[in-house]
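Step one of this worksheet: look at the structure below.
The values are calculated or read from the model by the stated rules, or taken from the named source; none is laboratory data. Just so it is clear, the model here is predicted, and its values are computed rather than measured. Please note: Cβ atoms are built from the backbone with ideal geometry, for glycine as well, and neighbour counts cover all protein chains shown.
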């Protein structure tokens, strides 16, 4: 397991040190402090957490919604309250999926007007993200 100082972490995940500080202050990230130098150290899990946070932000989720999702990710077994949060998140996810469906229907006529090269570029852009989403959904739906 690797440990990173804040500057190293910021460079690795391509966010500012200020952003990392803010995420830590509001409880999205967990930090370890060294006993001798009082440096803040972040683990590989923090790298994953920041990538998850950034993905959620791309989906226009509020920091409170992201925090709730982070809490769900941290626990293996869920209390009743956490189960309620999970159900709330599932409803939110369903709403996002509904919005995506509407956006896809709006994009379809425009996509059909593109030339073959442009259609290929759009398809390639969406393809890897779609595959990842389908894999994630299939894990949930089992």
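Name the pairs: first residue in region 13-34 and on the phi > 0 side of the Ramachandran plot, second residue surrounded by 14 or more Cβ atoms within 10 Å (Cβ to Cβ) and in a helix (DSSP H, G or I), Cβ to Cβ under 8 Å, at least 6 apart or on different chains?
27/67
Which of the residues spanning region 109-118 are surrounded by 10 or more Cβ atoms within 10 Å (Cβ to Cβ) and either modelled with pLDDT of 85 or more or under 30 Å from residue 69 (Cα atoms) (or both)? Step through it out loud before you land on a result.
So in region 109-118, the residues surrounded by 10 or more Cβ atoms within 10 Å (Cβ to Cβ) come out as 111, 114, 118.
Correct list: 114, 118.
Every residue in region 24-33 that is over 17 Å from the mean Cα position of the chain (by Cα) and either in a loop (DSSP other than H, G, I, E, B) or under 20 Å from residue 61 (Cβ atoms) (or both), please. If you could, list the steps in order and put the result at the bottom.
First, the residues of region 24-33 that are over 17 Å from the mean Cα position of the chain (by Cα): 25, 31-33.
Of everything in region 24-33, those that are over 17 Å from the mean Cα position of the chain (by Cα) and either in a loop (DSSP other than H, G, I, E, B) or under 20 Å from residue 61 (Cβ atoms) (or both) turn out to be 25, 31.
Which condition number does residue 7 fail, the rest of (1) closer than 22 Å to residue 74 by Cα; (2) not in a loop (DSSP other than H, G, I, E, B) being met?
(1)
Quick one: is residue 103 loosely packed, with under 10 Cβ neighbours inside 10 Å and either under 18 Å from the mean Cα position of the chain (by Cα) or at pLDDT 75 or above (or both)?
Values: loosely packed, with under 10 Cβ neighbours inside 10 Å: no; either under 18 Å from the mean Cα position of the chain (by Cα) or at pLDDT 75 or above (or both): yes.
When the stated conditions are applied, residue 103 does not pass them.
Across region 13-23, what is the number of residues that are surrounded by 12 or more Cβ atoms within 10 Å (Cβ to Cβ) and over 16 Å from the mean Cα position of the chain (by Cα)? Working first, answer last.
Step one: filter region 13-23 for residues surrounded by 12 or more Cβ atoms within 10 Å (Cβ to Cβ), giving 13, 15, 17, 19-23.
Next, only the ones that are over 16 Å from the mean Cα position of the chain (by Cα) stay: 17, 21-22.
The qualifying residues number 3.
Answer yes or no: is there a residue in region 34-41 that is surrounded by fewer than 16 Cβ atoms within 10 Å (Cβ to Cβ) and part of a helix (DSSP H, G or I). Steps first, answer last, please.
Initially, region 34-41 is screened for residues surrounded by fewer than 16 Cβ atoms within 10 Å (Cβ to Cβ), giving 34-39.
Next, from what is left, pick out any that are part of a helix (DSSP H, G or I): none.
No; the residues of region 34-41 include none that is surrounded by fewer than 16 Cβ atoms within 10 Å (Cβ to Cβ) and part of a helix (DSSP H, G or I).
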